[in-house]
1. Cβ-Cβ below 6 Å, separation at least six or inter-chain, first residue in the stretch 53-80 and more than 17 Å from L12 (Cα to Cα), second assigned to a loop (DSSP other than H, G, I, E, B): which pairs?
2. If you take the residues of the stretch 83-107 that are in contact (Cβ under 8 Å) with a residue 40 or more places away in the chain and of a type in the set (D, E, K, R), which of them is surrounded by the fewest Cβ atoms within 10 Å (Cβ to Cβ)?
3. State which residue is nearest to R84 (Cα to Cα) when the search covers only the stretch 16-37 and only residues that are in contact with a Phe, Trp or Tyr (Cβ under 8 Å, 6 or more places away or on another chain) and either crowded, with 17+ Cβ neighbours inside 10 Å or among the aliphatic types (A, V, I, L, M) (or both).
4. For the stretch 1-15: of the residues being out of contact with any helix residue (DSSP H, G or I) (no Cβ under 9 Å at 6 or more places or on another chain) and either at pLDDT 95 or above or part of a helix (DSSP H, G or I) (or both), which is farthest from V87 (Cα to Cα)?
5. Take the residues in the stretch 16-36 that are out of contact with any helix residue (DSSP H, G or I) (no Cβ under 8 Å at 6 or more places or on another chain) and at pLDDT 95 or above, then tell me which one is farthest from A88 (Cα to Cα).
6. Out of the residues in the stretch 63-82 meeting the condition of being in contact with a strand residue (DSSP E or B) (Cβ under 8 Å, 6 or more places away or on another chain) and assigned to a loop (DSSP other than H, G, I, E, B), tell me which one is surrounded by the most Cβ atoms within 10 Å (Cβ to Cβ).
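The values are calculated or read from the model by the stated rules, or taken from the named source; none is laboratory data. Keep in mind that this is a model prediction, so the values were computed, not measured. Methodologically, a virtual Cβ is constructed for each residue, glycine included, from the backbone with ideal geometry; neighbour enumeration extends over all protein chains shown.
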Amino acid sequence: MTDGSEKSLMSLLSLMQRAGRLQSGEFQTETAVKTGKAYYVIVAEDASDNTKKLFNDKCSYYGVPIVIFGTKEGLGRAIGKEERSSVAIIDEGFANSFHKKMLTLEKTKKESN
């Protein structure tokens, strides 16, 4: 990852993990969505099509924002674990911060194209 904004997002995920405000892995992420604990879901770009569809459907049904971002290896490394295809942010403040940084990253990418 060479982009500073992407590094900033990964650093924020690391902080959330240390603060105990993340659920990671498919089962825990899905459970957080179903129980209303998830405020934001991140699915790795290299996750399987089935995983992406599962979380798109669940998040749509339960009204949870979702983004496709990073790689399984990158998400896992950011939170100090092995590869992770999905992560749920279970804190509203952190979710808002991540969303704002994500919008900034998307705006920057559009401007550079």
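1. As it stands, the answer is V64/A38, since those pairs meet every condition given.
2. E92
3. Quick first cut of the stretch 16-37, residues in contact with a Phe, Trp or Tyr (Cβ under 8 Å, 6 or more places away or on another chain) only: 16, 19, 21, 29-30, 33-34, 36.
Keeping just the survivors that are either crowded, with 17+ Cβ neighbours inside 10 Å or among the aliphatic types (A, V, I, L, M) (or both) gives 16, 19, 21, 29-30, 33.
Working: M16: 15, A19: 18, R21: 16, T29: 10, E30: 13, V33: 16 Å.
Checked the stretch 16-37; the qualifying residue nearest to R84 (Cα to Cα) is T29.
4. The selected residue is G4.
5. Residues of the stretch 16-36 out of contact with any helix residue (DSSP H, G or I) (no Cβ under 8 Å at 6 or more places or on another chain): 18, 20, 25, 27-28, 31-32, 35.
Applying the additional criterion that residues be at pLDDT 95 or above yields 18, 20, 27-28, 31-32, 35.
Numbers: R18: 14, G20: 11, F27: 11, Q28: 8, T31: 9, A32: 7, T35: 12 Å.
This residue is R18.
6. Selected residue: G70.
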